[in-house]
Amino acid sequence: MTDRQTKFAHMGRPTPGLGTPVNPGIERASTLLFEKSEDLYRTDVRGYGRHGTNVHDALCELFIELESGATCQLYPSGVMACVQPILPFVKPGDHVLLTDSAYGPTRHFCQTFLKQMDVETELYDPRIGAGISTLIRDNTAVVLLESPGSLTFEIQDIPAICAEARKRGVISIVDNTWSAGLACNPLKLGADISTHSATKYFGGHGDLLFGAAICADPKHGAKLAATAKQMGVASSPDDAYQVLRGFRSVATRFAQQERTAETLARWLQSHEQVLDVLQPALETHPDHKLWARDFSGCGSLFSIVLTPRPTADINRFIDALHLFGIGFSYGGFESLAIHCNPQLKRRFGEAFAGPIIRFACGLEHVDDLKDDVEQAFAKVS
């Protein structure tokens, strides 16, 4: 099998027998029983329900295939998948480099939790590329990337940044949620760890929380697993089952959503109330060439910069949308829209000339989404 969608449809399934279900069954358990007392302390078998089930194993198999990795650690939320992989690699007195365009909760974790651990976080320009070498210190332990950047969609030079990190023995972690691993493979570009909020595309229906971190090196994976075990990390077998089910159709859903997003973004480029469209697949995006080099798709998510206007008008515009729900997240069947400025924090790059709205495209027809945006604009023109 060479096609990903074919693999995702067939991997992690039970061996057919007489009346075999197409997916592994859900096993709900905390206590696991053993026939002999001496088996309680074996290290080659699970000793407790917190350590996972067959459905977790099947899901890990697919995430490893997705990212061409060696190991996978599952988490009960996307935020945990983004932040807990930092912990095995830092200690008091260390230094962490974090892209200025990072996901808000990741930024908050680094500037609060890590600070309490006496770990310093330094923000860097997401477009720094190989220049990251000038910021790496003797005590730098981890460099955190997110490409494209959250809300503002800067593309990072993953190969250049990760190469400089590796030269100095620094762990590189990339938040790869935007591409779902279908449009970008950070591990092949030189990253050590790729993380996902599986809540998004793999959940696909806005009804669960989940996360995953995939490592290129088994030694790094062992550290993530040990940290997760020590901190009592456990994910529901029911949620793992739903994420596994989402894997079966993720490539098909992703393809439609990225087509819709690119079509809508190009249409909005010529709209009189739009100053700019922040979508790296567009030729006008400053990082388009870098995106074209490292990515094969554009995802469902992008932002627009509106002509200057009061906050009340921005809220009126969003409130007037009928098909776009008002809410965080993306990657589900439903389209969403949010006003970004209340959470936008940046130290690098030019200030935007107008307010920013982020669109997440679902599975609705693109013409219906265009009509919805146009009628909302008409109410604030």
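Using a 4.7 Å Cβ cut-off, which Cys residues in the chain lack a partner cysteine?
Cysteines of the chain left without a disulfide-compatible partner: 82, 110, 162, 184, 215, 298, 340, 361.
Once R0 is set to 22 Å, what does the formula 1/(1 + (r/R0)^6) return for the Cβ-Cβ distance between residue 134 and residue 226, expressed as a FRET efficiency to the nearest 0.05?
0.10
Round to a whole number: what % of the accessible area of region 87-152 belongs to carbon and sulfur, probe 1.4 Å?
52 percent
Report, to the nearest whole %, how much of the accessible area of region 181-222 belongs to carbon and sulfur atoms, 1.4 Å probe, protein only.
After summing per-atom areas, the C and S share lands at 57 percent.
Would you grab the residues whose amide H sits under 5 Å from the one on residue 275? Only those 5+ places off in sequence or on another chain, please, with H modelled 1.01 Å from N.
Placed amide hydrogens put 305, 306, 307 under 5 Å from residue 275.
³J(HN,Hα) across region 14-25 via Karplus (A = 6.51, B = -1.76, C = 1.60, θ = phi - 60°), whole Hz, x for Gly/Pro?
3J(HN,Hα) across region 14-25, in whole Hz: x, 5, x, x, 9, x, 7, x, 6, 10, x, x.
Which order do the peptides 263-273, 52-62 come out in when sorted by mean C-beta neighbours inside 10 angstrom, highest first?
Most protected by this proxy first, the peptides run 52-62, 263-273.
Kindly rank 77-89, 162-174 from highest to lowest mean number of other beta carbons found within 10 Å of each residue.
Taking the mean over residues of other Cβ atoms within 10 Å, the ranking is 77-89, 162-174.
Do any GluC sites (Glu not before Pro) in region 332-372 lie in a loop, going by DSSP, with at most 12 other beta-carbon atoms within 10 Å of their beta carbon, and if so which?
Passing both the DSSP loop test and the Cβ count: 350.
222 nm [θ] for the chain, helices only, -39500 (n - 2.57) per DSSP H run of 4+, per residue, to 500?
-10000 deg cm²/dmol
Tell me whether region 1-131 comes out rounded, prolate or oblate; compute the Cα gyration tensor, take square roots of the eigenvalues as a ≥ b ≥ c, and use a/c under 1.5 as the rounded threshold.
Verdict is oblate for region 1-131.
Please list, in chain and number order, the residues 5+ apart from residue 321 or on another chain whose amide H is under 5 Å from its amide H, with Hs placed from the backbone.
Under 5 Å from the amide H of residue 321 lies no amide H from a residue far enough along the sequence or on another chain.
So what's the angle, to the nearest 10 degrees on a 0 to 90 scale, between helix 366-378 and the longest Cα principal axis of the chain?
Helix 366-378 and the main axis of the chain meet at about 50 degrees.
Estimate the FRET efficiency between residue 371 and residue 113 by the formula 1/(1 + (r/R0)^6), using the beta-carbon distance for r and 56 Å for R0, to the nearest 0.05.
Efficiency, rounded to the nearest 0.05: 0.80.
Pick out, in residue order, every one of the chymotrypsin sites (Phe, Trp or Tyr not before Pro) in region 302-381 that is DSSP loop and has at most 16 other C-beta atoms within 10 Å; say none if there are none.
Listed in order of number, the matching sites are 328, 333, 348.
Averaged per residue, what accessible area in Å² does the chain show with a 1.4 Å probe, protein chains only?
Result: 44 Å² of accessible area for each residue.
Could you give each residue of region 176-185 its phi-based ³J(HN,Hα) in whole Hz, using Karplus coefficients 6.51, -1.76, 1.60 with θ = phi - 60°, and x for Gly or Pro?
10, 4, 4, 8, 6, x, 8, 10, 7, 10
If you take every DSSP beta bridge fully contained in the chain, what fraction is antiparallel? Give it as a percent rounded to 5.
Among the beta bridges of the chain, antiparallel pairing accounts for roughly 55 percent.
Tally up the carbon and sulfur contribution to the accessible surface of region 294-381 as a whole percent, 1.4 Å probe, everything protein left in place.
After summing per-atom areas, the C and S share lands at 54 percent.
Using only Cα atoms, locate the centre of region 267-318 and the centre of region 115-143, then give the distance between them in Å, rounded to an integer.
29 Å
Near the amide H of residue 98, under 5 Å away, which other amide H atoms are found, from residues 5 or more places off or on another chain, if H is placed in the peptide plane?
Amide H neighbours of residue 98: 122, 123, 124, 144.
Classify the chain as rounded, prolate or oblate from the Cα gyration tensor: take a ≥ b ≥ c as the square roots of its eigenvalues, call it rounded if a/c is under 1.5, otherwise prolate when a/b beats b/c and oblate if not.
Taking the square roots of the gyration eigenvalues as a ≥ b ≥ c, the chain is oblate.
For helix 237-247, what angle does its Cα long axis make with the longest principal axis of the chain, in degrees from 0 to 90 and rounded to 10?
50 degrees
I need the calculated FRET efficiency for the pair residue 289 and residue 38, taking r as the beta carbon distance and R₀ as 56 Å, to the nearest 0.05.
Given R0 = 56 Å and the Cβ-Cβ separation, E is 0.35.
Post the alpha-carbon centroid distance, region 167-223 to region 7-75, in whole angstrom.
20 Å
Give me a comma-separated list of calculated 3J(HN,Hα) values for region 131-145, in order, Karplus coefficients 6.51, -1.76, 1.60 applied at θ = phi - 60°, integers in Hz, x for any Gly or Pro.
x, 4, 4, 6, 9, 6, 9, 5, 9, 6, 9, 9, 10, 10, 10
The values are calculated or read from the model by the stated rules, or taken from the named source; none is laboratory data. Bear in mind that the values here come from a model prediction, so they are computed numbers and not experimental data. Methodologically, a virtual Cβ is constructed for each residue, glycine included, from the backbone with ideal geometry; neighbour enumeration extends over all protein chains shown. These accessible areas exclude ligands, DNA and RNA; they are computed on the full protein's heavy atoms, side chains included. Shrake-Rupley method; radii C 1.70, N 1.55, O 1.52, S 1.80 Å.
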